[in-house]
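Below is one structure, written out as structure tokens; the observations come after it.
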Amino acid sequence: MTRATWATRLGFVLAAVGSAVGLGNIWRFPWLTATNGGSAFLLLYVVVILLVGVPGLLGEMVIGRRSRRNPVGAFDALGGRRWRPLGGLALVASVVVLSFYSVVGGWILRYTVASATGAYFDAPQAYFAAIDFGPAAAGFHALFLLATVAVVYAGVDRGIEVATTVMVPGIVLLFTGLAVWVATLPGSAGGYAFYLSLDVAYLRTNFFEVLVAAAGQALFTLSVGAGAMLTYASYLDEDRSLVADGALIAGLNTAIGVLAGLVIFPLLYSLDVPPGAGGPGALFVGLAGAFADLPFSRLVGVVFFGVVLLAALSSAISIFEVLVAYLVDEHAFERPRATAGVGGLFLLTGTAAALSPTLFTLLADTVANLALTAGLLGFLLFAGWVLGAAALDEFRTGAGAVARLTARPWYYTVAVVLPLFLAFTFVSGLGTVLGVPLSAPQAAGVATVGVAGAIALLWHRAEPAV
Ligand code: PFF
């Protein structure tokens, strides 16, 4: 059986942008921005995307294209059997992310339908509280999962590529339309001020907290750490520049994220809803509730939640594909059987998250961040110290002259700088979860010792790249 490939370069880029742009940009980003000082968060977020997100994304892509396998097969093929557990970590991270993600996808689906009748207009708070968890939430989660299954079932080029080629331009068009329209609403100006003017004082007093939150969000929004981009890159041919594609993916994702902010914050301000209110439910309670006061409220609701639904689906597909690729590559499953099997697994884990708010919050809030950070940390140590020169070689393959110049700086970033940074955010995040919050110097100390130990262990394995 020949392995699937993308039909066109644009098809791959749009699929990867579809993976990146999702609930992370629309649901998680405004919520984090609102609770981390608005523009202060935005600024650090953009910096972290450039310095951490893009090199990390390229690390995943290098491993995927070099091996042409799913994560487990990739580390095995490139480093030997003892590396298979690292791929296993990617599978676990994928399960963690999609289990809560498809519950939120189910909420979005429900709100798209409910907007048509205005069901939540009168009492938004009570409506959300009545539908967020429980058997109905599990049902909508299952419907969302079914849509994901249908696309993945149709295959890489005919399912994922075709679907995302329609979805991503659709998302951009609809959000641009909404952003222009929102600017005409009275009172929206306060939203731009909150979002775009820099609060230096806030940043100075809360730097590390904002940094850790921004780093987690940067990984989440670029879909790195769970092997989704690794898997998508494994369907690539040699003749293209990973650097150009990676930069384009990150650029489009950030642009669409900022665009989503330009819809959401002005809208909240024009409707007098404080952006920090409601936490994870902000989108559903604050924003959705406010739709009722707008002209053409039902149409606005259907369009808005319809775009969010497209964005959520094109991301869910990419996480789902990680596990399908694993079953197809490693266990010789036919795609239909693999899709059914993975669908069954997520039906169980997602239903559990839809029934238990405690489990949901644990997964969405902390475990997802930790799993993605640990995953990417492992991938990059592998790329730097096990692949070594081969990683540099893969980075340069298909790259133009300018991109080739970035190869060495990229290598040092991925082999040393990012592992230190990721270990730092992992250790501080873990400390908070375990109830032993560490100071920044303590976390940095633990991270440095851990990374230095790992590099010392791996030192002799690499084909020297330095
Ligand atoms: N990037 C997606 C979003 O921002 O919604 C979420 C995501 C997709 C995270 C795929 C991780 C992943 F592997």
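The values are calculated or read from the model by the stated rules, or taken from the named source; none is laboratory data. Small disclaimer: the values here were computed from a predicted structure and weren't measured. Here the Cβ is made from the backbone with ideal geometry for all residues, glycine too, and neighbour counts use every protein chain on show. Note: areas computed on protein heavy atoms with side chains; ligands, DNA, RNA excluded. Shrake-Rupley method; radii C 1.70, N 1.55, O 1.52, S 1.80 Å.
Relative contact order for region 315-466: 24 percent, from Cα pairs under 8 Å spaced at least 6 residues apart, divided by residue count. For region 87-149, the fraction of 1.4 Å probe accessible surface lying on carbon and sulfur atoms is 74 percent.
Dipole of the chain computed with +1 at Lys/Arg Cβ and -1 at Asp/Glu Cβ about the Cα centre; of Val104, Ala123, Leu348, farthest Cα towards the positive end is Leu348.
Label reach from Leu299 (point 7 Å along Cα→C-beta): in region 113-142, amide nitrogens under 18 Å belong to 113-119.
Taking all C-alpha pairs of region 90-203, those more than 26 Å from each other amount to 44 percent.
The ellipsoid that matches the Cα gyration tensor of region 310-466 has semi-axes, each √(5λ) in whole angstrom, of 32, 26, 14, with the longest given first.
Across the options Val48, Phe144, Pro336, the greatest Cα extent toward the positive end of the charge dipole of the chain (unit charges at beta carbon of Lys, Arg, Asp, Glu) belongs to Pro336.
How much mean residue ellipticity at 222 nm does the chain get from its helices, if each DSSP H run of length 4 or more adds -39500 (n - 2.57) and you divide by all residues, to the nearest 500 deg cm²/dmol? Intermediate values should be presented prior to the final figure.
Working: 24 runs with 333 residues, N = 466.
One gets -23000 deg cm²/dmol as the mean residue ellipticity at 222 nm.
Rg and Dmax of region 282-365, based on Cα coordinates, read 17.6, 54 Å.
Given a 1.4 angstrom probe, what's the average accessible area per residue across the chain, in square angstrom?
Using a 1.4 Å probe on heavy atoms only, each residue of the chain averages 37 Å².
Summary value for the chain: 31 percent relative contact order, contacts being C-alpha pairs under 8 angstrom separated by 6+ residues. Highest mean first, the peptides 104-115, 295-306, 239-250 sorted by other C-beta atoms within 10 Å per residue fall in the order 104-115, 239-250, 295-306.
For the chain, the longest principal axis of the C-alpha atoms and the axis of helix 368-382 are separated by about 20°.
Under the convention that each Lys and Arg Cβ holds +1 and each Asp and Glu Cβ holds -1, the size of the dipole of region 141-278 around its Cα centre is about 280 debye.
Report in % the part of the accessible area of region 278-363 that belongs to carbon and sulfur, leaving out ligands and nucleic acids; probe 1.4 Å. The C+S portion of the solvent-accessible surface of region 278-363 is 72 percent.
If R0 is taken as 22 Å, the Cβ-Cβ distance between Arg204 and Leu420 corresponds to a FRET efficiency of 0.45. Under the simplified labelling scheme, the Leu196-Val433 pair shows an inter-label distance of 3.8 nm, with each label point 7 Å from Cα along Cα→Cβ. Around the Cα centre of region 202-324, unit charges on the Cβ atoms of Lys, Arg, Asp and Glu (plus for the first two, minus for the last two) sum to a dipole of about 340 debye. Taking the C-alpha atoms only, the angle from helix 335-355 to the longest principal axis of the chain is near 50 degrees.
Extension gain for Thr35 to Ala154 (0.36 nm times residue separation, less C-alpha to C-alpha distance): 38.8 nm.
Computed from Cα atoms, the angle from the helix 207-221 axis to the main principal axis of the chain rounds to 80 degrees. Just the Cα atoms of region 175-263, one point each, no solvent: what log10 I(q)/I(0) does Debye give at q = 0.17, 0.19, 0.22 Å⁻¹? So the normalised log intensities work out to -0.95, -1.04, -1.14. Post the alpha-carbon centroid distance, region 3-31 to region 85-126, in whole angstrom. Distance between centres, Cα-based: 17 Å.
Full extension of the chain between Leu348 and Ala244 gives 33.5 nm of extra length, using 0.36 nm per residue less the Cα-Cα distance. The heavy atoms of Glu334 present about 110 square angstrom of accessible area, all protein chains included, probe 1.4 Å.
With the gyration tensor restricted to C-alpha atoms of region 1-69, the semi-axes of the equivalent ellipsoid amount to 31, 15, 9 Å, longest first.
The packing ranking, built from the mean of other Cβ atoms within 10 Å per residue, places the peptides 342-351, 8-17, 226-235 in the order 226-235, 8-17, 342-351, highest first. Based on C-alpha pairs under 8 angstrom that are at least 6 apart in sequence, region 1-153 has a relative contact order of 13 percent.
Here the alpha carbons of the chain define both size measures, Rg and Dmax, at 21.3, 66 Å.
Between His460 and Glu330, the simple label model (points 7 Å from Cα in the Cβ direction) yields a spacing of 2.9 nm.
Dimensions of region 226-327 based on its C-alpha atoms, expressed as ranges along the principal axes with the largest first, amount to 52, 30, 25 Å.
A dipole drawn for region 203-297 from +1 and -1 charges on Cβ atoms has a positive end, and of Leu248, Val224, Pro295 the residue lying farthest that way is Pro295. Report the percentage of all Cα-Cα pairs in region 29-154 whose separation exceeds 26 Å, rounded to a whole percent. I get 50 percent for the Cα pairs in region 29-154 exceeding 26 Å.
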